[in-house]
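Below: the structure, in structure tokens.
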Amino acid sequence: MSERTKTRHTTTTPGTGYGRVSTESMRAIVESSGRRRSFWQQLALIGPAFVAGAWQFGPGNLTTAVQAGSGYQYTLIWVVVVSTVLMIFLTDMSVRLGIKSPVSLISSIKDQLGTPVGVLAGIGVFLITLMFSVGNAVGAGLGLSMMLGGAPIMWTVICTVGVAALLLFRNVYRVIEKVLVVAVAAMSVAFILSAFIANPDWVEAASGLIPTAPDGAWLLIVALVGTNFSVNAAFYTSYGTKERGRTEEQYRDVTIVDTIPGIVAPGIMTSLVIVVAAAVLGSTGEAAATIVALGGIFEPLAGPIGSTLFALGFFGAAFSSMIANATAGGTMLSDGLGRGASSGSRTAKIVSAAILAFGVTVALVFQQAPVQLIVIAQALTVLVAPLLAVLIIVMANRRSLMGEMRNRWWQNVLGVVGLVSVVALSVRLVLSLAGG
């Protein structure tokens, strides 16, 4: 055997080379599998999915949950659970797209499916955020008014200025992400305590996990699916993932500490709101028209602290959604127009400011929650959502883009179930609007 051959054998890692795994790849696999992240390193991965959850869990979500609990007690909790499961899988696809795509999601859509499709996605999400800005602005002001007194419109203006100030930060996404993680934690504590103060029948609440559709509840079921299976929020998660520079190696830990808890948290809170509404109003058969009506009922149950806790949760939901909504709308329209895919870009900040200005202006003009605009916002959400869901599923199946991280068959099955749900929701809403 020649000296050259001997040298070749002694420098090759066993099981590598000669058409098998390269030495460099084997070394990377060994180092990756042997590396364990500390508890604090795992916590540092928390962020993008919590931003999506904060956007998803807003005033419209709370109002729908209150109506479900007060009108049908615990029977519709299962809708929230199913919607949350579908939301997890769609968000997971978006996370993987954020990891694998060399550019932003809308830019990848332009490259893979054509520029007009990407532009349409950016404009569609922007219009949704524009309409939602009104309900978020009014809700944030109302929440602070419930806690601190004073005119809701005054607090609406203050909250809008506060969010606008956050947008001035240089690394705006990192700052907003930290604020929203804290807000979600505060909401969780507030609604958990509120649920125990209400003293519900937990055994009966558990029975709400069994799917049933009470007479007259169809439209409410549709609304619950629309507010808890937020395709828009799932779509934006890829941007947060990209801005945080997540890698394929981090994917498993990201799923465990961010994707699942970030989406499950608003699902749990929505279920708790249904439980609270069912406990304090459901037995009387009286439907609570507003969050304020439900919050006021806590006064005789637990004194001022009870209503304050619930008001804190409501404010947290509205304010966090207000931040995420403006940031997402600004970022994705900027990307759709080819002006930058970062929330810190100049165009994104200008568009985000315009979204906030629209919300506070309409609130000032009407001096109350403009119901018609909120209805338009909900309609626009479900009409654009099927397009966004299709784009996420199609892009997550592109072998050339995703490689080994592309969708498996069971992920596609659940994605299609979610797509069929939002399409059915869109058709139902169009028929309802046409008939009404």
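Overview of results
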{"item": "All helices (runs of 4 or more DSSP H) inside the range 333-436 with 1 or more residues being of a type in the set (Lys, Arg) and modelled with pLDDT of 80 or more", "result": "346-366, 399-402"}
{"item": "Any hit, the range 112-124, residues being open to solvent by less than 30 Å² (accessible area, probe 1.4 Å) and of a type in the set (A, V, I, L, M, F, W, C)", "result": "yes"}
{"item": "Pick from the range 41-69, criterion assigned to a loop (DSSP other than H, G, I, E, B) and farther than 22 Å from Ala205 by Cβ, ranking: modelled with the highest pLDDT", "result": "Gly58"}
{"item": "Any chance Val161 is within 19 Å of Ala318 (Cβ to Cβ), open to solvent by 70 Å² or more (accessible area, probe 1.4 Å) and modelled with pLDDT of 85 or more", "result": "yes"}
{"item": "Hits in the range 188-245 (condition: crowded, with 19+ Cβ neighbours inside 10 Å and acidic (Asp, Glu))", "result": "Glu243"}
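The values are calculated or read from the model by the stated rules, or taken from the named source; none is laboratory data. Small disclaimer: the values here were computed from a predicted structure and weren't measured. For neighbour counting, all protein chains shown are included, and Cβ atoms are generated from backbone atoms with ideal geometry for every residue, glycine included. Accessible surface is based on the protein model in full, side chains and every heavy atom, while ligands, DNA and RNA are left aside. Shrake-Rupley method; radii C 1.70, N 1.55, O 1.52, S 1.80 Å.
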